[in-house]
Amino acid sequence: MTSGPDPARRRADRRPPTIVPCPDGPILVRGDVTILDDDGRPVPRQRATVALCRCGASTIKPFCDGTHKAIGFTSA
Amino acid sequence: MLTQRVLGQAADLVTDDDVQLALYVMYELFYGGFDGVDDDWEWDPELLGVRSLVETALEKQLLARVAVPDDVPPDRAAVADALFALTAPGPGPSVARFVAKKASREQLHEFLIHRSVYQLKEADPHTWAIPRLTGQPKAALVEIQADEYGGGDPGRMHCELFARTMRGVGLDAEYGAYIEQIPAVTLAGVNVMSWFGLHRRWRGAIAGHLAAFEMTSSLPNRLYGDGFRRQGFGQDVTLYFDEHVEADAVHEQIAGRDLAGALAQQQPDLTHDILFGAATCLYLDDLVGRHLLSAWDAGVSSLRES
Ligand SMILES: [Fe+2]
Ligand SMILES: [Fe+2]
């Protein structure tokens, strides 16, 4: 993904964080949240609302790529 | 009158080039219009009458052909579940798998040309629904559309990313450049979005259509990107697809639950329309897919000769 200005991030900063676990799907994250990788570096965020992988099978972790649907992941 | 005669003679409106192109042109007056065509045609009563005849005939055909689940209660979670079930990835042949594994450069060009009819104005048909919704479903649609329009960054608007992909492979990214080569079945896919989007009566259907569209996007877009990478294209070309792998995994959740699901709960009598919109999206997507794969399997172009 490209780096540089991150307008979605700037706008997202104005909103308190919310975290929504979607049934059988990812975790939606909105608002003022910085996602850090294992080394503590911020993961570039391209959009105001992001979906974090919960099934473990995404090819673009930490983000969701819809693979949970192909592997029949259930969150219940 | 001529329109009625043409409609009466067309065995299948979805694959009739004249019918779909005429409808496309009438809808296009509501978007970018045409150079040299008076803007007043948009609301010309006689033309609207013609459009209505075509829409009524098309509606009749689609209602007869599109199977809609009829046992779904008007409940947010139940409607979201039904939409995810309808759109569940299947094992059969698909355009995405063909693009990933087999498509030639020429077939990739064709693929982009088909897609360009919608993707160069991506998100616009669903935007018509915003003022017709209220509360949660409205906010959900705005949240999705804001992301489609680049979150305020014109360079990241999805239509612009698609234009970059087209230019990156040497195609003309001007809207409508290839319109003469687009077969009816592809036009039908975008015409249905305009039909649902422009009529308040179909606000449920446009919401369901968007949900189905988003739910069938992330996984195929990864395969589309793979196909272009396989043919040696770089990130300037694949960014559109890479962006959709990530974006539509977000959008499908919002569209399924907060838009379509919440709309059914808020206006229970729209539940059937929501599912009809989703099923129609899938029905037409399947027809386009069959058209592309049968042409490519036969080694011929999937485009019309212009
Ligand atoms: Fe998009
Ligand atoms: Fe999307």
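The values are calculated or read from the model by the stated rules, or taken from the named source; none is laboratory data. A quick note: this is a predicted structure, and the numbers were derived from the prediction, not measured. Every residue, glycine among them, receives a Cβ derived from its backbone with ideal geometry; neighbour counts consider all protein chains shown.
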### Query
Restricting the search to segment B:125-152, which residues are away from ligand 2 (no atom under 13 Å from the Cβ) and among the charged types (D, E, K, R)?
B:132, B:138
#### Entry: Residue, nearest to residue B:237 (Cα to Cα), within segment A:1-32, restricted to residues that are at pLDDT below 90 and small (Gly, Ala, Ser)
A:3
### Task
Return yes when residue B:208 is within 14 Å of chain A (Cβ to nearest Cβ) and within 26 Å of residue A:67 (Cα to Cα) and no when it is not.
no
### Message
Given the criteria more than 16 Å from ligand 1 (Cβ to nearest atom) and modelled with pLDDT under 95, does residue B:89 qualify?
### Response
yes
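Results for (1) within 29 Å of residue B:270 (Cα to Cα); (2) modelled with pLDDT of 95 or more; (3) part of a helix (DSSP H, G or I), shown as yes or no for each residue.
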{"site": "B:27", "(1), (2), (3)": "yes, yes, yes"}
{"site": "B:31", "(1), (2), (3)": "yes, yes, no"}
{"site": "B:34", "(1), (2), (3)": "no, yes, no"}
{"site": "B:60", "(1), (2), (3)": "yes, yes, yes"}
### Query
Inside segment B:69-109, can you point out the residues that are within 14 Å of chain A (Cβ to nearest Cβ) and small (Gly, Ala, Ser)?
B:77, B:78, B:80, B:82, B:85, B:88, B:90, B:92, B:94, B:96, B:100
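So, residue B:289, is that one in a helix (DSSP H, G or I) and away from every other protein chain (no Cβ under 14 Å) or not?
For residue B:289, the condition - in a helix (DSSP H, G or I) and away from every other protein chain (no Cβ under 14 Å) - is met.
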### Query
Is there any pair with a first residue in segment B:19-43 that is free of Cβ contacts under 8 Å to residues at least 60 places away in the same chain and a second that is exposed (fewer than 12 other Cβ atoms within 10 Å of the Cβ) whose Cβ atoms are under 9 Å apart and which are 6 or more apart or on different chains, and what are they?
B:29/B:39; B:29/B:43; B:33/B:39
### Query
Going through segment B:100-152 one residue at a time, which ones are closer than 18 Å to residue B:193 by Cα, among the basic types (Lys, Arg) and touching a residue at least 24 places away in the same chain (Cβ under 8 Å)?
B:115, B:121, B:132
### Task
Using the structure shown, decide if residue B:280 is in a helix (DSSP H, G or I), within 15 Å of ligand 1 (Cβ to nearest atom) and closer than 22 Å to residue B:115 by Cβ.
no
#### Entry: Residues located in segment B:153-173, provided they are of a type in the set (D, E, K, R) and within 14 Å of another protein chain (Cβ to nearest Cβ)
B:153, B:156, B:160, B:164
### Looking only at segment B:236-286, and only at residues there that are away from chain A (no Cβ under 14 Å) and among the charged types (D, E, K, R), the one that is surrounded by the fewest Cβ atoms within 10 Å (Cβ to Cβ)
B:269
### Task
Find the residue count for segment A:10-64, including only residues that are part of a strand (DSSP E or B), in contact with a Leu (Cβ under 7 Å, 6 or more places away or on another chain) and surrounded by 15 or more Cβ atoms within 10 Å (Cβ to Cβ).
6
